[in-house]
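Inspection log for the structure reproduced underneath, given as structure tokens.
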């Protein structure tokens, strides 16, 4: 089975859906943050391993504790996957923290900062003067 085949993509989605449900409803480890979400899953073509990318809302300590909790709950999650999914092999779960959501929020703030410095333009492309700035300049002259 190729890595990007339709079958592999479908397996990735199914494992992601099941793990999301299991982590939020079945796992009772207090180390796992309640604000944990499964961002994506990459199951190897031979179905032996699966990299599970998770996002944890919180600081670095919460992320570290969540990873430790998920690693200890890995055998339980794997057995539950074996019961719910009809697969030849149930993959070994490898948990990784995904920083893409945090990175996206940071980049969005940077874009907003840069966009606020760009002057507004009208339909013909001319810069629109801010009347509040002009008014304050007139007041300074008096």
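All of the numbers you see were taken from the coordinates with simple rules; none came from a lab. Small disclaimer: the values here were computed from a predicted structure and weren't measured. Neighbour counts run over all protein chains shown; Cβ positions are idealised from the backbone, glycine included.
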### Summary
The Kirkwood hydrodynamic radius of region 2-63, taken as the inverse of the mean 1/r over all distinct Cα pairs, in Å, comes to 12.6 Å
### Summary
Dividing the surface of the Cα convex hull of region 45-93 by four yields a projected area in nm² of 3.8 nm²
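What value does the chain have for Rg/Rh, both radii from Cα atoms and Rh as Kirkwood defines it? Display every interim value, and only then the final one.
Values: Rg = 24.4 Å, Rh = 18.6 Å.
Result for the chain is an Rg/Rh of 1.31.
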### Sites residue 76 and residue 24 - FRET efficiency at Förster radius 25 Å, r taken between beta-carbons, to 0.05
0.95
### Fluctuation leader among 104, 125, 58 - the chain, Gaussian network, Cα springs under 10 angstrom
125
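Using helices alone, I'd like the mean residue ellipticity at 222 nm for the chain: each DSSP H run of four-plus residues gives -39500 (n - 2.57), total over residue count, nearest 500.
-17500 deg cm²/dmol
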